[in-house]
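A quick write-up on the structure given underneath.
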Amino acid sequence: MGKRFGDEIKNLSFYDKVVTISQDEYFIFNSFLGDKVINIPPSFPENFGNENTEKKYDLIFVGSDNPFNIASVNWFTEKVLPFLPKEIKICIIGRICKHVPNHESIEKVFFADDLESYYHASKIAICPMLKGTGIKIKVVEALSFGLPVVGTEKAVDGFLDKKNNGCMVSDDEKVFADIIKNLLNNSSDYEKQKQEATEFFKNNFSEEKSIKLWKKTLNF
């Protein structure tokens with residue numbers, strides 16, 4: 001697989017434990033290094049509740065201005081947004097806002113002291129990533145609020161279960177938009193995805209689960 005990868009495997013072989021956060025990475029490194037590799041997914045506190053909070057936004061996207069996020073938000077605004085109703089309300093937060101065009105449907109928040117209020121005020125999180133590897137922390141964070149996620153196939157990289165995880169994915173811009181519109185217009189489908197997101201988070205990314213895995217790994 002190349003000299004650089006071989007050097008990485010050699011260096012990692014000197015350690016007692018190797019911790020990955022992505023199930024995909026675990027499978028790769030485990031095949032070379034065996035049982036010393038342990039997967040401990042990223043964790044967040046459970047942020048469920050506040051169901052009665054007014055939903056100011058239909059969609060929320062949080063990101064820095066790295067090249068992957070720039071390509072993603074460009075694809076969404078150029079390819080997906082034209083298929084969405086004009087009255088849709090979208091909140092985009094972070095340095096990525098520098099690369100977001102002005103649009104009547106988009107509210108740009110360049111910096112937020114606390115994301116909690118924005119997540120609670122949103123119905124759906126989006127992750128239109130086209131490139132990049134590994135687990136998407138923004139997806140796990142959204143799931144911690146029980147938000148359904150609409151994303152591309154890259155959105156579920158690193159998940160143990162590619163289905164039944166609170167995420168609905170498509171790399172086709174029209175299908176991506178259709179998924180959003182259905183969740184916004186069909187309350188039963190929305191609640192089903194919301195419940196799925198909550199359960200998947202609890203079973204895979206809760207702080208309690210993470211602490212148990214770390215204690216086992218460190219022999220506490």
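Every number here is computed from the coordinates shown, using simple stated rules; none is lab data. Remember, it's a predicted structure, so these values are computed and weren't measured experimentally. Methodologically, a virtual Cβ is constructed for each residue, glycine included, from the backbone with ideal geometry; neighbour enumeration extends over all protein chains shown.
Under the classification rounded if a/c is under 1.5, otherwise prolate if a/b is larger than b/c and oblate if not, where does segment 1-45 fall, given a ≥ b ≥ c as square roots of the Cα gyration tensor eigenvalues? Here segment 1-45 falls in the prolate category. Only DSSP H runs of four or more residues enter the estimate; each adds -39500 (n - 2.57), and after division by the residues of the chain the mean residue ellipticity at 222 nm equals -11500 deg cm²/dmol. Inter-label distance, Ile28 to Asn102: 4.3 nm, where each label sits 7 Å from its Cα along the C-beta direction. What angle, in degrees between 0 and 90 and rounded to the nearest 10, separates the Cα long axis of helix 3-12 from the longest principal axis of the Cα atoms of the chain? It works out to around 70 degrees. In a reduced charge model with +1 at each Lys and Arg Cβ and -1 at each Asp and Glu Cβ, the chain shows a dipole moment near 460 debye about its Cα centre.
Please compute the net charge surrounding Ile90, taking Lys and Arg as +1 and Asp and Glu as -1 over other residues with Cβ under 12 Å from its Cβ. My count for the surroundings of Ile90 gives +1. The gain in end-to-end length when the Glu191 to Asp161 segment is fully stretched comes to 8.8 nm, 0.36 nm per residue minus the alpha carbon separation. In the calculated pair-distance distribution of segment 86-133, the portion above 16 angstrom amounts to 47 percent of the Cα-Cα pairs. The ellipsoid that matches the Cα gyration tensor of segment 1-86 has semi-axes, each √(5λ) in whole angstrom, of 39, 21, 10, with the longest given first. Spin-label model, Lys3 to Leu130: label points 7 Å out along the Cα-to-beta-carbon direction sit 3.3 nm apart. Percent of C-alpha pairs per 5 Å bin in the chain, short distances first: 1, 7, 14, 18, 18, 15, 11, 7, 5, 3, 1, 0. The Cβ shell under 11 Å around Tyr57 holds other residues with a net charge of +1, Lys and Arg each +1, Asp and Glu each -1. Pairs of Lys residues in segment 1-82 that lie 8 or more places apart, or on two chains, and have C-alpha atoms under 30 angstrom apart add up to 6.
Dipole of the chain computed with +1 at Lys/Arg Cβ and -1 at Asp/Glu Cβ about the Cα centre; of Pro101, Val149, Tyr26, farthest Cα towards the positive end is Tyr26. Placing unit charges on the Cβ atoms only, positive for Lys and Arg and negative for Asp and Glu, gives segment 131-182 a dipole magnitude near 80 debye about its Cα centre.
Ranked by the mean number of other Cβ atoms within 10 Å of their residues, highest first, the peptides 130-141, 207-218 fall in the order 130-141, 207-218. Within the shell defined by Cβ-Cβ distances under 14 Å, the residues around Lys79 carry a net charge of -4, with Lys and Arg each +1 and Asp and Glu each -1. Considering only Phe44, Ala197, Tyr15, the residue lying farthest towards the positive end of the dipole of the chain is Tyr15, judged by Cα position with unit charges set on Cβ. For segment 104-195, dividing the convex hull volume of the Cα atoms by the residue count gives 119 Å³ per residue.
If the label point is 7 Å along Cα→Cβ of Glu208, which residues in segment 25-61 have backbone nitrogen under 16 Å from it? Counting only backbone N, you get 43-49. Note on Ile38/Glu87: beta-carbon distance plugged into 1/(1 + (r/R0)^6) with R0 of 41 Å gives a FRET efficiency of 0.30.
Each Lys and Arg adds +1 at its Cβ and each Asp and Glu adds -1 at its Cβ; summed about the Cα centre, segment 16-133 shows a dipole of about 380 debye.
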